[in-house]
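In what follows, a single structure is set out as structure tokens and then discussed.
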Amino acid sequence: MTRFDARGCAVSGATANALDAWELALADVLAWRAGADARLEAVVAEAPDFVMARVLEAWLLLAGRDPARARRARPVLERARRLRANTRERAHLAAIGAMLNDEYERAKTGLAALLRAQPRDVLALHVAQGLDYLTGDVDALAARPALVRPHWSPSMPGFHAVLAMHAFGLEERDDLRPAERLAHEALRLDRRDARACHVIAHVHEATGRAAAGERWLCAHAGAWANGTVVATHAWWHVALFQLEQKRPGTALATYDAHVRPAPHAPISDLLDGSALLWRLQLADVDAHARWHELADAWSPHIDDRFCTFNDVHAMLAFVGAGDHRRADRLERTLRAAAAQPSRHGDTTRQIGLPACRAVRAFARGDDARALALLASLPPVAHRIGGSHAQRDVLNLTLQRVVQRLRRMRPPARVAVTASVAA
């Protein structure tokens with residue numbers, strides 16, 4: 001018997017109860033809520049041949065920047081390939097296989113074709129935008145949701161997520177007014193949409209409304225602070241607003257209470273920790289032992305050779321801690337990676353290795369070298385992924401380098417006409 005999900009997409013191998021439970025798991029994913037993994041366990045137990053349950057399971061493992069977690073998707077894919085699947089489901093499986101083979105662009109191409117054929121496949125849209133974010137594909141962040149929106153209506157389950165995804169893409173493209181409008185519209189449809197809250201934080205940051213941004217996030221903490229996958233990152237935004245208001249002590253307290261990574265924290269939390277502590281250091285705040293515990297947390301990822309965005313943030317932690325041994329290890333790893341004809345090799349060669357060397361030069365006071373390395377990063381530096389706000393850590397470092405050089409030399413001697421590509 002062929003069944004259909006809540007948006008009219010055919011699914012294979014589902015029972016009625018399993019499909020209902022899968023919809024709840026998907027709703028959690030779309031609203032950036034925690035708990036989808038546990039729901040999926042029950043779904044698979046109820047309907048082991050339910051292909052889209054295996055697909056969602058694999059995509060959850062592949063989302064993000066953790067290679068060990070991503071590798072766990074391979075046996076899930078192998079089980080799913082043995083099941084009877086329709087054309088749409090096979091397209092998902094092919095994209096998952098491309099990801100596992102480190103062929104991110106092929107996965108994106110496959111998902112684009114899938115969305116042209118099935119514009120209401122909201123999971124495909126969610127995954128594709130995640131890949132666009134990881135690869136710094138700024139144009140696609142807005143273009144994909146814009147292409148599918150005409151095929152949706154506000155009554156369809158998941159439409160709030162389509163609006164929130166479109167809003168984020170517009171924000172990253174600096175179309176800030178429509179981004180803010182769509183994010184608020186998404187929240188009117190689903191007040192628990194933590195993704196939409198995140199977009200509104202970004203809009204406040206991009207428009208320089210730090211005080212209003214802090215007030216808004218704190219007033220709406222019920223939507224994002226508990227039971228979500230973005231809680232730590234949203235607190236990171238709160239701390240950035242506090243820093244922007246010249247309240248570094250408050251930002252440090254926010255780090256300690258809400259951002260400081262716990263033991264065995266996910267890589268996303270380590271990224272937020274490095275980015276916030278580095279900004280605090282640029283504001284002349286001494287983070288003391290916090291750097292050392294963060295360096296310890298990053299240490300197992302030195303040899304990942306997986307994500308340049310990770311590498312740069314790991315180097316921030318090692319440099320902040322004054323841990324020259326680990327910084328040397330990471331630089332050696334990156335030199336070897338840069339020689340490889342791979343996705344990570346390409347971004348390491350173009351961006352990761354020079355950025356990490358610039359951070360080390362800055363820390364030892366070699367501002368001329370730091371300036372040369374940072375100012376020479378190519379226009380494709382955004383391809384390391386992340387948002388404008390996250391990548392801004394390199395621009396802030398460049399600005400601090402220029403300030404230090406200008407204090408040492410006549411202004412005419414320090415001419416900078418380029419910034420790190422955003």
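Report the far tail of the P(r) of region 337-378, meaning the percent of Cα-Cα pairs longer than 11 Å. Don't skip to the answer; put the middle values down first.
On the way: 503 of 861 pairs.
The answer is 58 percent, as a whole percent.
Hey, if we sort 308, 15 by accessible area with the 1.4 Å probe, largest down, what's the order? Numbers along the way, then the final one.
Numbers: 308 5, 15 45 Å².
Result, largest first: 15, 308.
Regarding region 129-264, what's the average projected area of the Cα-atom convex hull, expressed in nm²? Let's see the in-between values first.
Working: hull surface 35.1 nm².
Over all viewing directions, region 129-264 projects a mean Cα-hull area of 8.8 nm².
Which whole-number value in Å² is the accessible area per residue of the chain, probe 1.4 Å? Please list the in-between numbers first.
On the way: 17670 Å² over 422 residues.
Spelled out: the 1.4 Å probe surface of the chain, per residue, equals 42 Å².
Using the eigenvalues of the Cα gyration tensor, what equivalent ellipsoid semi-axes result for the chain when each is taken as the square root of five times the eigenvalue, whole Å, largest first?
Details: eigenvalues 285, 113, 77 Å².
Its equivalent ellipsoid spans semi-axes of 38, 24, 20 Å.
In whole Å, what is the distance between the alpha-carbon centres of region 81-122 and region 231-296?
37
Restricted to Cα positions, what overall size does region 81-203 have along the principal axes? Three whole-Å values, descending.
The principal-axis extents, from largest down, are 44, 31, 23 Å.
At 1.4 Å probe size, with no ligands or nucleic acids counted, give the accessible surface of residue 218 in Å², nearest ten.
70
Rounded to the nearest 500 deg cm²/dmol, what is the calculated helix-only ellipticity per residue at 222 nm for the chain, with -39500 (n - 2.57) per DSSP H run of length n ≥ 4?
-20500 deg cm²/dmol
With the calculation restricted to Cα positions, what are the radius of gyration and Dmax of region 257-373 in angstrom?
Final numbers for Rg and Dmax: 13.6, 42 Å.
Starting from the Kirkwood Rh over alpha-carbon pairs, what translational D in µm² s⁻¹ does region 110-157 have by Stokes-Einstein at 10 °C and 1.306 mPa s?
Values: Rh = 10.9 Å.
The estimated diffusion coefficient comes to 146 µm²/s.
On the first, second and third principal axes, largest extent first, how far apart are the outermost C-alpha atoms of region 190-329 in Å?
Principal-axis extents of the Cα atoms in region 190-329, largest first: 46, 31, 24 Å.
Quick check: convex hull of the Cα atoms in region 74-147, volume per residue, rounded to a whole Å³?
On the way: hull volume 5.7 nm³, N = 74.
Given the Cα convex hull of region 74-147, per-residue volume reads 78 Å³.
Working from the alpha-carbon coordinates of region 61-109, get Rg over Rh, Rh being the Kirkwood radius. Spell out each step's value before the answer.
Numbers: Rg = 10.7 Å, Rh = 11.1 Å.
My calculation of the ratio gives 0.97.
Rounded to whole Å, give me the distance from the Cα center of region 193-229 to that of region 149-185.
Centre-to-centre (Cα) distance: 16 Å.
Dividing the Cα radius of gyration by the Kirkwood radius, what Rg/Rh value follows for region 229-272? Walk me through the numbers before you get to the answer.
Working: Rg = 10.3 Å, Rh = 10.4 Å.
Radius of gyration over Kirkwood radius for region 229-272 works out to 0.99.
When the Cα atoms of region 14-116 are enclosed in a convex hull and the volume is divided per residue, what value in Å³ results?
Convex hull of Cα atoms, per residue: 103 Å³.
Using the Karplus equation 6.51 cos²θ - 1.76 cosθ + 1.60 (θ = phi - 60°), what ³J(HN,Hα) coupling, rounded to whole Hz, does each residue of region 139-149 give in order, writing x for Gly and Pro?
4, 5, 4, 8, 5, 4, x, 4, 5, 8, 4
Kindly provide log₁₀ I(q)/I(0) values, in the same order as q = 0.12, 0.20 Å⁻¹, from the Debye equation applied to equal alpha-carbon scatterers of region 251-314.
Log-scaled intensity ratios, in q order: -0.27, -0.74.
Express in nm, to one decimal, how much length is gained between residue 41 and residue 74 on full extension, taking 0.36 nm for each residue of separation and deducting their alpha carbon distance.
On the way: separation 33, 0.36 × 33 = 11.88 nm, distance 1.69 nm.
My answer for the length gained is 10.2 nm.
Summarise the long-distance tail of P(r) for region 285-343 by giving the % of C-alpha pairs beyond 18 Å. Please report the intermediate quantities before stating the final value.
Values: 512 of 1711 pairs.
I get 30 percent for the Cα pairs in region 285-343 exceeding 18 Å.
What are the extents of the Cα atoms of region 159-212 along their three principal axes, in Å, largest first?
Taking max minus min along each principal axis of the Cα atoms, region 159-212 gives 28, 22, 13 Å.
The values are calculated or read from the model by the stated rules, or taken from the named source; none is laboratory data. Keep in mind the model is a prediction, meaning the values are calculated, not measured. Please note that ligands, DNA and RNA were not included when accessible areas were found on the heavy atoms of the full protein model with its side chains. Shrake-Rupley method; radii C 1.70, N 1.55, O 1.52, S 1.80 Å.
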